[in-house]
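The values are calculated or read from the model by the stated rules, or taken from the named source; none is laboratory data. Just so you know, these numbers come straight off a predicted model, no measurement behind them. Note that we place each Cβ from the backbone using ideal geometry, even for glycine, and neighbour counts take in every protein chain shown.
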Amino acid sequence: MNLSLVDFLFYVFSAISVGGGLAVILSRNPVTAAMFMILSLVGVASLFVLLEAFFLAVLQVLVYAGAVMVLFLFIIMLMDVGPDSGKGAKLSKKRILSGFIALLGVGLLTVLTLEYSGVATVATDSADHWQDVTEETSAAGANIVFSKSVKSFGYGLFTKYMLPLQVAGFLLLAAMVGVIVLSKKTDDVDAHNKADGPSPGTTNPQSEEA
Amino acid sequence: MIKTVVMERKPLSLSERTYLPQIASGLKTTFSNLFKKKVTLQYPEQRPAIPRGYRGVPTLVKDPNGREKCVSCQLCEFVCPPKAIRITPGHVPEDDEERSHVEKAPEEFEINMLRCIYCGYCEEVCPEEAIFLQENYSLSGYSREEMINNKEELYELGGTLPDKHFKWDKKKADEESGNAH
Amino acid sequence: MDIELIQMLALKVTYAVVMVSVVMSIAGYTVLAERKVCAWMQGRVGPNRTVLPFVSAIPIIGPFLRNLGIFQPLADGLKFLFKEEIVPGHVNKFYYYLSPIVALVPALTTMTVLPFGEFTNAEGHTTPLVLANVDLGILFVFAISSLGVYGIVLAGWSSNSKYPFLGGIRSSAQMISYELAMGLSVLPVFLWVNAPGMTESGLSLVSIVNSQENAPWLVLIQPFSAFLFLIALFAETNRLPFDMPESETDLVGGFHTEYGSFKFGIFFVAEYAHVVIGSAIFTTLFLGGWHFLPWVADPWAPGLIGSLLGVGWFLAKTFCLIFFFIWVRWTLPRFRYDQVMKLGWAKLLPLALVNLIFYVILVTYLDQAAAS
């Protein structure tokens, strides 16, 4: 076998991400699961680095490992999910359904991988595919060539992929509004609070300003 | 009838609500403190000035002639609130020319410094002015036994204090002239 | 493997080791500076006893160094090493041991993209002095430093006791809140530097520094961005008034309550390494890096001496900022936890957004004006 350094690293990092992913679903302790998920995400980021997609790699670490997983951990700790909270659950309808969907997903992935496995060699000798976006790139983004540079992401997002970007933004906005609506106190809770007398937080507007 | 007045606090102005001017003035204060004279004492090299009447470690003192003053009356032992003092009374040897007029002297005199509360009652009660709380404030030891000052240590700590009365000299003179007591 | 690769690797490793040791010793001396400055501000003298035997023999310099406490970090480090290592029985051993490492590694990793000077060789070719001149400098810094919170969170969780746990929870919430404001507050800087007509481009820290050569520092152009970034930096480095995870008055010792000896020492050094790196990043972003003064060309000639002076100047600025960190710590009281959250989400984030939009409009306007 003739492994180049990049190939070797590829196998190491894929092993990390796949093994980490497996460990996420196999570990009993939720915190351990979360830590393995971080490991897995970092592995994926390293794969991006191997593909010279540094921007994606950094974003992967920044957004997923740095922010989303911190929130995960935060929630796990706040709810104090113990290692055996999932024990003894019966084979319910939900479980069967989710298992079925998981199987479907795995099958789909396998089929797709087998189908397109020949295409995977493209990335190896594509050094000239990386072109930098020049100033002459048209505003409509018609001749956008995606490259590793950050600028090309910007141009792409705000020209060719403007609509998906807006839709994604709208989706996030909807989620945000939903959270606000859900977390807002309902009227009868307010009435209940008033009956108890003003809560310490609301008596003095200045203390809230502080 | 006391009337309760509810004080209305003035609402904060905009600049006050950002807290930035206050933070700036606080920073100014701390910065000016950087260059002020330091108030600390570099302890082992510099010693604090001991005020008059300071109650340090209780000690036994000798009179200017180097004679033991204590007559082991045990008043201090009696008055000591934490019972830190223990005296074993003894006789003054007959052949002691200097103290021939004194009957008693402590054979052993112990002050347990783990119990002593530095109240100074012993000094106050002593009829012979033999026990003094002097300026020594730093006392340490490795064991409980070390913290019990025996007679030798107490005299070593106490030394000799100037005594204007020369009570014993007078007593001796009185005795010799035949009108003791 | 060929010789060249090995040589390059060896060189890189040497550079990395040198840089780590420099930053770590600066962090160690920041601890000393903290103690000294704190003491001076409170009318005290601070550590002035520790001295090496042969140094104390030198007539004037010896006592001077002793009074300055120069050898205190050495003694502190040794003390941490030789202390009894106590592991409480109720902790989760694996994560308990893991978290100090997790806390320290990100703090030291961010320095790889930190430029601290430049070297111009005889041919006039300029190379920035940086371990890895990544095009995404600032993003890399954010990405790695966002991992630093895991050390604290894991320490809090694995300690299995209430105060560290509260510290960990607080810290995770605080980090997420202020990361957002931090990212948004630097965006205008990159917008400005990458604006059409500007010479530099990219997210690299080197290009940011070079855009401030012979030009006003970015703190003068964007004081508000700098201000917001500084506040977020205080929060991200867990410095007072934002030291929620530690807050020794209400949480005993916060996340490191159950830690002792060298593991505590690692947390301690990691905290100060964060401060050092944070100050250095602020210097590169807003204070012109190794360039002399705003609008003034570097007075030193290019070459070895010049680049050394540049590095020295960079360090001087960083030290000033570290001093500022310390100064603020001993001036302001700690925020309450809800105040921290409120400040982050309700004040800092909207302000950062407004700041961003203002500069977007400004840059667009300038661009249009230049085009017409």
Selected residue (criterion: farthest from the other protein chains (Cβ to nearest Cβ)) from residues of the stretch C:10-36 that are of a type in the set (Ser, Thr, Tyr) and closer than 16 Å to C:LEU114 by Cα
C:SER21
Which number in (1) in a loop (DSSP other than H, G, I, E, B); (2) surrounded by 12 or more Cβ atoms within 10 Å (Cβ to Cβ); (3) over 15 Å from the mean Cα position of the chain (by Cα) marks the one condition that B:TYR118 misses?
(3)
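Do we find a residue being more than 10 Å from every other protein chain (Cβ to nearest Cβ) and free of Cβ contacts under 8 Å to residues at least 60 places away in the same chain anywhere in the stretch B:25-40? Step through it out loud before you land on a result.
Our first condition is that a residue be more than 10 Å from every other protein chain (Cβ to nearest Cβ); within the stretch B:25-40, this holds for none.
There is no residue in the stretch B:25-40 that is more than 10 Å from every other protein chain (Cβ to nearest Cβ) and free of Cβ contacts under 8 Å to residues at least 60 places away in the same chain.
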Here the qualifying pairs (Cβ atoms under 9 Å; residues six or more apart or on different chains; first in the stretch A:95-113 and within 13 Å of A:ILE25 (Cβ to Cβ); second at pLDDT 85 or above and in a helix (DSSP H, G or I)) come out as none
From B:GLU108, B:GLU123, residue being loosely packed, with under 14 Cβ neighbours inside 10 Å and on the phi < 0 side of the Ramachandran plot
B:GLU108
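Restricting the search to the stretch C:317-330, which residues are of a type outside the set (Phe, Trp, Tyr) and in contact (Cβ under 8 Å) with a residue 40 or more places away in the chain?
Filtering the stretch C:317-330 for residues of a type outside the set (Phe, Trp, Tyr) gives C:317-318, C:320-322, C:326, C:328-329.
Correct list: C:THR318, C:LEU321, C:ILE322, C:ILE326, C:VAL328, C:ARG329.
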With the condition kept exactly as written, say whether any residue in the stretch C:165-188 is away from chain A (no Cβ under 14 Å) and surrounded by fewer than 24 Cβ atoms within 10 Å (Cβ to Cβ).
no
Among the residues of the stretch C:47-94, what is the count of those that are within 20 Å of C:ARG35 (Cα to Cα), touching a helix residue (DSSP H, G or I) at 6+ places or on another chain (Cβ under 9 Å) and aromatic (Phe, Trp, Tyr)?
2
Examine the stretch C:189-211 for a residue that is among the small types (Gly, Ala, Ser), in contact with a helix residue (DSSP H, G or I) (Cβ under 6 Å, 6 or more places away or on another chain), away from every other protein chain (no Cβ under 14 Å) and under 21 Å from C:VAL134 (Cβ atoms), and state whether such a residue exists.
yes
Which residue out of A:ALA123, A:ALA33, A:ALA45, A:ALA67 is modelled with pLDDT under 85, surrounded by 11 or more Cβ atoms within 10 Å (Cβ to Cβ) and within 21 Å of the chain's Cα centre (by Cα)?
A:ALA67
Would you be able to tell me the number of residues in the stretch C:132-190 that are touching a residue at least 40 places away in the same chain (Cβ under 8 Å) and part of a loop (DSSP other than H, G, I, E, B)?
7
Any helices (runs of 4 or more DSSP H) falling wholly within the stretch C:1-106 and containing at least 3 residues that are touching a residue at least 60 places away in the same chain (Cβ under 8 Å) and buried (at least 19 other Cβ atoms within 10 Å of the Cβ)
C:3-41
For the stretch C:120-153, name all the residues that are of a type in the set (S, T, N, Q) and within 11 Å of chain A (Cβ to nearest Cβ).
C:SER145, C:SER146
Evaluate the following for C:GLY310: is it buried (at least 22 other Cβ atoms within 10 Å of the Cβ) and at pLDDT 85 or above?
no
Residues being more than 12 Å from chain B (Cβ to nearest Cβ) and either among the polar types (S, T, N, Q) or touching a strand residue (DSSP E or B) at 6+ places or on another chain (Cβ under 9 Å) (or both) - total across the stretch C:37-62
2
If we keep only residues of the stretch B:5-24 that are under 19 Å from C:ARG329 (Cβ atoms) and not in a loop (DSSP other than H, G, I, E, B), then the residue nearest to the other protein chains (Cβ to nearest Cβ) is B:ILE23
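Picking from C:GLY168, C:GLY137, which residue would you name as being small (Gly, Ala, Ser) and over 24 Å from C:TYR15 (Cα atoms)?
Values: C:GLY137 fails: over 24 Å from C:TYR15 (Cα atoms).
From the options C:GLY168, C:GLY137, the qualifying one is C:GLY168.
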Give the residues of the stretch A:17-39 that are part of a helix (DSSP H, G or I) and either more than 14 Å from chain C (Cβ to nearest Cβ) or in contact (Cβ under 8 Å) with a residue 40 or more places away in the chain (or both), sorted by residue number.
A:SER17, A:VAL18, A:GLY19, A:GLY20, A:GLY21, A:LEU22, A:VAL24, A:ILE25, A:LEU26, A:PRO30, A:VAL31, A:ALA34
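Out of all the residues in the stretch A:95-112, is one or more basic (Lys, Arg) and either at pLDDT 80 or above or in a helix (DSSP H, G or I) (or both)?
Of the residues in the stretch A:95-112, the ones basic (Lys, Arg) are A:95.
Filter once more, so that each one left must be either at pLDDT 80 or above or in a helix (DSSP H, G or I) (or both): A:95.
Among the residues of the stretch A:95-112, at least one is basic (Lys, Arg) and either at pLDDT 80 or above or in a helix (DSSP H, G or I) (or both), which makes the answer yes.
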Taking into account only those residues within the stretch C:324-367 that are of a type in the set (Ser, Thr, Tyr) and at pLDDT below 85, which is surrounded by the fewest Cβ atoms within 10 Å (Cβ to Cβ)?
C:THR364
